[in-house]
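The values are calculated or read from the model by the stated rules, or taken from the named source; none is laboratory data. What you see is a predicted model; the values in this text were computed from it and never measured. Here the Cβ positions follow ideal geometry from the backbone for every residue, glycine too, while neighbour counts run over all protein chains shown.
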Amino acid sequence: MTRDPRALLARLHAAAVQGAAPLGCTREAVHRWCEQHQLGTGARVHVIALGKAAPAMARGALAACQAVGADVAALTVVCAQPPGSIDWGDARLPSRHQVVAGDHPVPGPASLQAAEVIAEAVTDVEADDVVVVLISGGTTALGAAPVPELSQLVGSAERAQAHLANLAQTLLESGLAIHEMNAIRRRVLRFGGGRLAVALARQGARRIGAFAVSDVIGDDPAVIGSGPCSPDPLTPDGLLALIDAHGMRAHLERAVATTLGVEGAGPAITPPAPDDPAFHRVDFALVAGNGQAVQAMADAARDAGIATVQIAATPLEGEAAALGELLVQQALQAADHGAFAAGPVLWCAGGEPVVHLRETVARALAVDEEADARMEGLTEDGGMRHSAADEPMRGGRMQVLALSAALALEAAAHRGDPWAHRVTVLAAGTDGRDGPTDAAGAITDAAVPALARRGRRTPEQDLVTGRSWYALDAADALLRTGPTGTNVMDVVGLLLH
């Protein structure tokens with residue numbers, strides 16, 4: 001095993017990403033489906049790829065269709081990156097193809113335009129055509145557009161799109177889990193809650209293959225990308241119960257509340273019923289998920305010579321900061337009970353913790369006001385400091401978890417825990433972008449807080465005010481990979497060495 005735990009954990013993250021690489025997984029799944037339905041020479045196929053992994057999934061689907069001799073009549077890709085930056089490799093793009101970038105994580109004008117491109121792709125479908133729909137994380141925002149009823153209520157699609165943006169921001173700030181956010185958002189999305197499948201069926205598509213790279217716990221087809229080809233299982237009463245369980249009524253704009261049926265001014269706008277005939281034409285297949293990424297990380301750790309590798313039995317959920325502290329406590333307890341007996345240990349898990357942004361903003365305002373009043377621009381050593389209030393919030397859930405873990409390890413070291421300096425923590429997203437930052441996450445240990453302080457940061461304050469990126473950047477602890485082309489939630493690894 002390498003003597004550099006940071007370098008090792010960076011390699012393990014790369015292995016996790018590669019383990020959920022969408023190109024190969026999609027190619028194999030689409031190839032099997034084509035053979036199952038005898039979609040060989042003469043079959044006319046449309047490919048619609050949506051989400052952060054859309055380009056790679058599209059390459060896989062094209063290769064599969066070409067391998068069986070099917071005619072790919074058109075390709076539509078809605079993704080996160082600029083179209084000109086996509087490497088198509090040796091893929092043979094059909095003459096009719098369109099690639100557009102939407103907005104993420106909050107939908108905006110680009111997402112509205114992307115939805116129009118999807119609508120055009122739907123109208124191109126003719127009777128007896130076959131459609132391959134590729135879905136990955138980010139689909140909900142990248143191709144977001146309002147249902148017609150919301151547009152009519154507020155006067156235009158552009159105004160309705162502003163309401164969608166506000167809804168997305170409100171849900172993100174509330175700390176809801178992704179399946180809860182999408183349960184609300186898909187009700188008001190033009191192609192959410194199975195509406196894309198219904199639109200394709202109305203055009204005469206005889207078969208719809210929906211292939212998904214999952215970015216949600218449980219891999220529920222109705223949640224991945226807000227279920228463009230899957231029926232919404234939630235009843236109107238169930239939706240209201242979810243909204244009330246999180247105290248969301250007061251935070252919803254009136255137009256959205258009315259469309260959801262919260263205001264009571266009229267019946268809620270509901271997505272297609274689960275027994276809609278369109279869904280009988282849909283074949284859903286999960287091609288990659290978080291479990292594959294975690295397993296790949298574990299396999300790479302064993303190959304690297306780590307004596308003991310343990311995979312968590314359940315996905316990581318809950319508040320990211322609390323999880324960082326809890327995982328460190330568990331690791332130190334395991335060390336006390338002889339976890340090092342057979343050599344280095346890696347504990348790894350996947351999932352998607354949350355950050356309650358609304359609470360974080362409130363803490364940030366309180367801390368900023370107190371700090372600025374007390375310090376008046378000076379640090380304890382007399383040097384100038386930036387006013388925290390002048391800095392935007394910057395960080396993501398994995399950076400929060402990583403910084404929290406580092407502070408817990410530092411505290412344990414100060415208590416004299418002999419194992420505190422022998423734990424290194426990886427926390428990173430598989431898509432290469434944790435929150436609105438340039439980093440996938442971070443790799444931390446007990447020394448990170450002190451390194452951050454040398455860089456004139458207060459890591460404790462950065463953690464509670466939503467500015468974890470600044471402390472981690474000052475400590476050179478961020479993991480920067482660039483976009484990875486996949487998105488299967490997050491991976492966490494604790495290395496005891």
Worksheet item: Do the conditions hold for Ala341, that is, is it touching a residue at least 24 places away in the same chain (Cβ under 8 Å), among the aliphatic types (A, V, I, L, M) and farther than 30 Å from Leu463 by Cβ?
Response: no
Discussion item. For the structure I just gave you, tell me whether His46 is surrounded by 24 or more Cβ atoms within 10 Å (Cβ to Cβ), on the phi < 0 side of the Ramachandran plot and not aliphatic (A, V, I, L, M).
Written reply: yes
Worksheet, complete the sentence: Over region 91-117, the set of residues under 23 Å from the mean Cα position of the chain (by Cα) and either assigned to a loop (DSSP other than H, G, I, E, B) or not assigned by TED's automatic domain parsing to the domain that holds Asp128 (or both) is Gly102, Asp103, His104, Pro105, Val106, Pro107, Gly108
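Which of the following residues is under 20 Å from Val30 (Cα atoms), assigned by TED's automatic domain parsing to the domain that holds Pro105 and not in a helix (DSSP H, G or I): Asp219, Asp275, Asp232?
Asp219
For (1) in contact (Cβ under 8 Å) with a residue 40 or more places away in the chain; (2) under 21 Å from the mean Cα position of the chain (by Cα), each residue gets a yes or a no:
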position	(1), (2)
Pro271	yes, no
Gly291	yes, yes
Gln295	yes, yes
Ala300	yes, no
Asp303	no, no
Thr314	no, yes
Val328	yes, no
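Could we say that Trp88 is outside any helix (DSSP H, G or I) and aromatic (Phe, Trp, Tyr) here?
Numbers: outside any helix (DSSP H, G or I): yes; aromatic (Phe, Trp, Tyr): yes.
In short, yes.
When region 69-90 is examined, which residues are found to be crowded, with 18+ Cβ neighbours inside 10 Å and under 24 Å from Ala43 (Cβ atoms)?
Ala70, Val72, Ala73, Ala74, Leu75, Thr76, Val77, Val78
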Worksheet, complete the sentence: Val131 fails exactly one of (1) within 21 Å of the chain's Cα centre (by Cα); (2) not in a helix (DSSP H, G or I), namely (1)
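When you scan region 188-203, do you find a residue that is among the β-branched types (Val, Ile, Thr), touching a residue at least 60 places away in the same chain (Cβ under 8 Å), farther than 24 Å from Leu153 by Cβ and crowded, with 22+ Cβ neighbours inside 10 Å, even just one?
At the first step, the residues of region 188-203 found to be among the β-branched types (Val, Ile, Thr) are 188, 198.
Then drop every residue that is not touching a residue at least 60 places away in the same chain (Cβ under 8 Å), which leaves 188, 198.
After this cut, where a residue has to be farther than 24 Å from Leu153 by Cβ as well, the list is none.
No; the residues of region 188-203 include none that is among the β-branched types (Val, Ile, Thr), touching a residue at least 60 places away in the same chain (Cβ under 8 Å), farther than 24 Å from Leu153 by Cβ and crowded, with 22+ Cβ neighbours inside 10 Å.
Can you work out which of the residues in region 235-265 that are in a helix (DSSP H, G or I) and in contact with a Ser or Thr (Cβ under 8 Å, 6 or more places away or on another chain) is modelled with the highest pLDDT? Reasoning before the result, please.
Residues of region 235-265 in a helix (DSSP H, G or I): 236-245, 249-251, 254-260.
Those still in the list that are in contact with a Ser or Thr (Cβ under 8 Å, 6 or more places away or on another chain) too: 236, 251.
Values: Pro236: 89, His251: 92.
That would be His251.
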Item to complete: Could you check, for region 21-31, whether at least one of its residues is part of a helix (DSSP H, G or I), within 29 Å of Asp476 (Cα to Cα) and of a type outside the set (Gly, Ala, Ser)?
Response: no
Item to complete: State which residue pairs qualify: first residue at positive phi and inside region 117-129, second residue surrounded by 18 or more Cβ atoms within 10 Å (Cβ to Cβ) in any location, beta carbons under 9 Å apart, and separation of 6 or more residues or different chains.
Response: Asp128/Ala205
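From Arg92, Arg27, grab the single residue that is touching a helix residue (DSSP H, G or I) at 6+ places or on another chain (Cβ under 9 Å), over 30 Å from Arg302 (Cβ atoms) and basic (Lys, Arg).
After ruling out the rest, the residue left standing is Arg92.
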Discussion item. Can you pull out every residue in region 195-214 that is touching a Pro at 6+ places or on another chain (Cβ under 8 Å) and under 22 Å from Ala288 (Cβ atoms)?
Written reply: Leu196, Ala197, Ala210, Ala212, Val213
Worksheet item: In the set Gly60, Gly42, which member is in contact with a Cys (Cβ under 8 Å, 6 or more places away or on another chain), touching a residue at least 12 places away in the same chain (Cβ under 8 Å) and not assigned by TED's automatic domain parsing to the domain that holds Val425?
Response: Gly60
Discussion item. Checking the conditions here, which among Ala322, Ala349, Ala335, Ala298 is in contact with a helix residue (DSSP H, G or I) (Cβ under 9 Å, 6 or more places away or on another chain), exposed (fewer than 14 other Cβ atoms within 10 Å of the Cβ) and closer than 20 Å to Thr444 by Cα?
Written reply: Ala322
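I'd like to verify a number: residues in region 67-85 that are among the acidic types (Asp, Glu) and in a loop (DSSP other than H, G, I, E, B), how many? If you could, list the steps in order and put the result at the bottom.
Just the residues of region 67-85 that are among the acidic types (Asp, Glu), to begin with: 71.
Among the residues that remain, those that are also in a loop (DSSP other than H, G, I, E, B) are: none.
Count: 0.
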Discussion item. Checking Glu380 against (1) of a type in the set (Asp, Glu); (2) surrounded by fewer than 16 Cβ atoms within 10 Å (Cβ to Cβ); (3) at pLDDT 55 or above: exactly one of these is not met. Which one?
Written reply: (3)
Worksheet, complete the sentence: Of the conditions (1) surrounded by 19 or more Cβ atoms within 10 Å (Cβ to Cβ); (2) of a type outside the set (Gly, Ala, Ser); (3) assigned to a loop (DSSP other than H, G, I, E, B), the single one that Thr270 does not satisfy is (1)
Item to complete: Please enumerate the residues belonging to region 175-200 that are in a helix (DSSP H, G or I) and over 14 Å from Pro271 (Cβ atoms).
Response: Ile178, His179, Glu180, Met181, Leu200
